[in-house]
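Below is one structure, written out as structure tokens; comments come after it.
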Amino acid sequence: MSNEPKALDPRLAAVRVLNRVLPGSGDGASLREVLRAQPLEGGQAGGLMRDLCFGVCRHLRPLNQWLNEQLQKPLQASAQPVRLALLCGLYELWFSERPAHAVVNAYPELCRGLQAPWASGLVNALLRKASRLTAEQAFADYKEPVRLALPGWLWKQWQQDWPDQATAIGEASLAPPPFGLRVNRLRLTREHALATLGEGARAGTLAPWSLYLSPPRPVAALPGFEQGDFSVQDEAAQLPAEYLHVPDQGRVLDACAAPGGKTGQILEAWPGARVTALDLSGARLARVAQNLTRLGAGAELVRGDVTDPAGWWDGEPFDAILLDAPCSATGILRRQPDVKWHRRREDLPVLADLQARMLDALWPLLRPGGTLVYATCSMIRAENDQQITAFLARTGDAVDETPRPADAPAVSAGWQLLPEDNGPDGFYLACLRKREATA
């Protein structure tokens with residue numbers, strides 16, 4: 001008899017992850033954080049587990065509605081794992097290329113692993129029925145917010161903020177995210193990077209050091225990654241650091257710095273700068289340190305509250321400040337699809353208040369003539385151009401100098417990027433210059 005441990009079933013692992021992440025009997029944990037602790041990290045099994053977790057979160061609402069319509073009576077709350085197994089099976093049938101017979105046969109057996117053998121027949125019957133349909137057929141009569149897998153409050157908000165683009169934003173948020181990279185300009189040119197990565201690599205059109213790679217590859221398979229040649233970063237997320245204005249040997253604050261992608265980018269762009277990376281969490285600062293070590297870069301790491309500079313600021317002004325503010329993350333739902341099931345409408349005023357307090361706290365730390373770049377990965381205008389318009393109204397020495405393309409969506413301040421299929425995420429940035437004092 002072999003003493004080797006039995007391999008963990010990736011479908012069973014996915015159900016257990018989703019039971020912690022999704023509303024129901026789970027605790028509403030972050031999908032990324034739960035996956036980080038899973039033993040199935042790579043390989044085919046790990047890929048299947050991750051695909052199921054992200055796919056079910058991405059398409060949860062229409063999958064749930066179809067399932068509910070098929071049940072003669074609702075599943076009890078204690079049967080949440082069975083429901084999640086069914087949702088995984090529906091996702092596999094309708095959104096993957098795995099053989100239908102293999103998918104249908106896998107889940108009745110899975111019920112025994114969930115200690116719910118009573119559900120095997122139900123699962124078999126429902127998945128056989130689903131296997132005779134496509135997603136388009138199953139969802140054909142669903143209302144738009146259901147079809148786009150959006151909570152009702154977010155759909156209404158997007159209709160209010162983006163009446164002409166709401167459907168396109170929702171459709172882009174359902175698409176798989178592209179694999180974006182940033183080239184380390186201290187180590188190689190973008191042209192050299194394209195040649196190194198070979199077929200499937202293309203340059204981004206907005207950020208000067210951005211690349212896209214299709215199909216995605218494990219970072220360990222990227223030549224030079226461990227030596228700091230590349231960082232994984234969406235093209236839109238690369239723009240804020242590019243628009244900082246940093247003098248030689250200038251002092252820069254990266255507020256809310258974790259996990260350190262933008263900190264590294266600042267040091268690549270201005271290797272002589274004195275960079276302070278600020279974050280409230282010591283554990284998250286440790287991730288900043290790890291990322292900088294891989295890049296061969298260093299910064300002053302400071303634990304502190306952005307809204308309370310008295311607790312960490314030494315009194316020397318900064319020449320440039322990057323505030324990547326906490327936000328609803330509604331521009332990156334294709335990357336973090338569980339966010340739309342965790343966020344609530346009542347979160348928005350709390351976030352907007354925190355963003356405003358951060359702006360007000362950091363502005364006095366900026367040297368006259370300096371630039372503060374405010375950024376969010378949000379698609380909600382109260383966090384973005386409306387936030388910055390209100391700040392400009394109450395801050396007499398602040399000027400909006402955001403370089404906005406002519407074809408960008410019309411907003412009252414800054415630059416709003418909409419999510420694009422095979423392109424940048426939904427993102428917002430505003431470049432604010434502090435006027436020099438007049439005599």
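Structure above, values below:
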quantity	calculated
Checklist (1) assigned to a loop (DSSP other than H, G, I, E, B); (2) at pLDDT below 95; (3) on the phi < 0 side of the Ramachandran plot applied to Gln249, failing item	(3)
Close pairs (8 angstrom Cβ cut-off, 6 or more residues apart or separate chains): not assigned by TED's automatic domain parsing to the domain that holds Met379 in the range 403-416, among the β-branched types (Val, Ile, Thr) anywhere	none
Lone qualifier among Pro368, Pro326, Pro317 - being modelled with pLDDT of 95 or more and either surrounded by 16 or more Cβ atoms within 10 Å (Cβ to Cβ) or under 26 Å from the mean Cα position of the chain (by Cα) (or both)	Pro326
Residue list for the range 156-169, restricted to those being in contact with a Lys or Arg (Cβ under 9 Å, 6 or more places away or on another chain) and surrounded by 16 or more Cβ atoms within 10 Å (Cβ to Cβ)	Gln157, Asp161, Trp162
Condition check for Asp308: under 24 Å from Val232 (Cα atoms) and acidic (Asp, Glu)	no
Counted residues, the range 227-237 - those being within 15 Å of the chain's Cα centre (by Cα) and small (Gly, Ala, Ser)	2
Residue pairs meeting the criteria (Cβ under 8 Å; at least 6 apart or on separate chains; first of a type in the set (Val, Ile, Thr), in the range 187-198; second outside any loop (DSSP other than H, G, I, E, B))	Thr189/Val183
Every residue from the range 391-439 that is at pLDDT 95 or above, touching a Gly at 6+ places or on another chain (Cβ under 6 Å) and charged (D, E, K, R)	Asp425, Lys434
So Asp319, is it part of a strand (DSSP E or B) and either farther than 26 Å from Arg187 by Cα or touching a strand residue (DSSP E or B) at 6+ places or on another chain (Cβ under 7 Å) (or both)	yes
Residue tally, condition assigned to a loop (DSSP other than H, G, I, E, B) and in contact with a Phe, Trp or Tyr (Cβ under 7 Å, 6 or more places away or on another chain), over the range 221-243	2
Qualifying position, being among the hydroxyl-bearing types (Ser, Thr, Tyr) and touching a residue at least 40 places away in the same chain (Cβ under 8 Å), among Thr376, Thr438, Thr395, Thr389	Thr376
Identity of the residue in the range 203-220, in contact (Cβ under 8 Å) with a residue 12 or more places away in the chain and not in a loop (DSSP other than H, G, I, E, B), that ends up surrounded by the most Cβ atoms within 10 Å (Cβ to Cβ)	Ser210
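Conditions (1) more than 24 Å from the chain's Cα centre (by Cα); (2) surrounded by 21 or more Cβ atoms within 10 Å (Cβ to Cβ); (3) assigned by TED's automatic domain parsing to the domain that holds Asp425, marked per residue:
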| residue | (1), (2), (3) |
| --- | --- |
| Leu239 | no, yes, yes |
| Tyr243 | no, no, yes |
| Gly250 | yes, no, yes |
| Ala257 | no, yes, yes |
| Pro271 | yes, no, yes |
| Ala277 | no, yes, yes |
| Gly311 | yes, no, yes |
| Glu346 | no, no, yes |
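The values are calculated or read from the model by the stated rules, or taken from the named source; none is laboratory data. Quick caveat: nothing in here was measured; it's all calculated off a predicted structure. Glycine also receives a Cβ, built like all others from the backbone with ideal geometry; neighbour counts cover every protein chain displayed.
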